[in-house]
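The values are calculated or read from the model by the stated rules, or taken from the named source; none is laboratory data. Since the model is a prediction, treat every value here as computed from it, not as a measurement. Note that we place each Cβ from the backbone using ideal geometry, even for glycine, and neighbour counts take in every protein chain shown.
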Amino acid sequence: MSIPSELIGSIPRSPELLAAYAAHASGELDDAALAETRQRAVRETVAQLESVGSPVVTDGDQAKRDAYTYPLDGADGLAADGVVIPFADGHSRQLPRLTAGPFRYRVHAEQYLRAAQKVATVPVKQSVVAPSLLSLLYPADGIAGYPREAFLDDLVDGAEADIRGCLDAGAHVVQLEFTEARLSLKLDPSGGVLRDFVELHNRVLSRFGAAERARIGVHTDPGADQDSTHSLDVDYAELLPTLFRLTVGNFYLSLASEADPERVLAVVAEHLPADARVFVGVTDPTDPRVETAEEVRDRVLTAARHLPADRLGTCDDAGFAPFADDLSTSRQTAFAKIRARIEGTALAAEALGL
């Protein structure tokens, strides 16, 4: 395929895996049995992604309870009453709050990557949580004996190790999940929080060489959880000029859910760094309807009117289930949308003579 196409990351968990998580939480299933169920879920997910023609796969986040707090599994010094992320349909997600330092990653994404690589026959990408989201764990009133500056130093070290472990293990791409980018403008319309987030990311990225940064990407969306969003009402034009200051090789942007994609594409064309590729979303995980390949083709051709084909890729707007308990989308629907994305991208490449 002359136009690259990648999924963002998560795939809905199977009923068997969800039951195993519940049984493990209640003490009815031991760690070894849960690990076996997780690996079976990874194997089945990778096989299904390959069967629909996905040229690049992920582990579908099968071994994560959510895409954002995996580094904290088993960590001490946390309280449950952290930052709340509200969604448009009224539900919310809540982060933990750090109560003591030092902050350390307890789990690194490399282990998820290696599990998928064992069963994949095509390249594997790995999503990692952006350090900006983990920065929200530090409380506004501080922690005695552990100043915010020390916390950020530890966070940068942990984020670098998380990314580097995946690159060294042979990840096709390492993708930072930056869902809070657009949300930050809702919370702080001045853009100060967003600029702080980008500065934090670039602090981490400065530790990598140019060839390494070419294999690092950033995904942003307005949220996608239980078929709802947290910041779709925030104007992309306010986000993209600052987002594109990130020193990465790939940007993954939700676009299928946008009311005026051509307006967004014009902003992308104006601000996209000269050495970066943009993957535009051509399927919407929050919409239960499965797009046709022809719809996807037309969305790609629209993007190609604004961007050179050699700097264009396609993706889904977001992961299909970033949280394990999100049952709003079935696995069948997710794989059908992925197939439509792949087939529609191929149709667009043919229409463009690529």
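Quick notes on this structure:
- Residue within the stretch 94-108 that is under 20 Å from Pro222 (Cα atoms), modelled with pLDDT under 95, in a strand (DSSP E or B) and not acidic (Asp, Glu) present: yes
- Check on Val268, in contact with a Cys (Cβ under 9 Å, 6 or more places away or on another chain) and either among the hydrophobic types (A, V, I, L, M, F, W, C) or more than 26 Å from His172 (Cβ to Cβ) (or both): no
- Among residues of the stretch 40-56, those that are surrounded by 17 or more Cβ atoms within 10 Å (Cβ to Cβ) and outside any loop (DSSP other than H, G, I, E, B), counted: 8
- Answer from Ala211, Ala161 - the residue that is without any contact (Cβ under 8 Å) to a residue 12 or more places away in the chain and not in a loop (DSSP other than H, G, I, E, B): Ala211
- Whichever residue in the stretch 265-285 is in a strand (DSSP E or B) and over 14 Å from the mean Cα position of the chain (by Cα) and, among such residues, is nearest to Ala336 (Cα to Cα): Thr283
- Considering the stretch 311-354, the residues that are assigned to a helix (DSSP H, G or I), in contact (Cβ under 8 Å) with a residue 12 or more places away in the chain and farther than 14 Å from Gly53 by Cβ include one that is nearest to the chain's Cα centre (by Cα), namely Ala334.
- Residue within the stretch 247-254 that is touching a residue at least 12 places away in the same chain (Cβ under 8 Å), within 16 Å of His271 (Cβ to Cβ), touching a helix residue (DSSP H, G or I) at 6+ places or on another chain (Cβ under 6 Å) and of a type in the set (Ser, Thr, Tyr) present: yes
- The stretch 57-76, residues that are surrounded by fewer than 17 Cβ atoms within 10 Å (Cβ to Cβ) and either at positive phi or modelled with pLDDT of 95 or more (or both): Gly74
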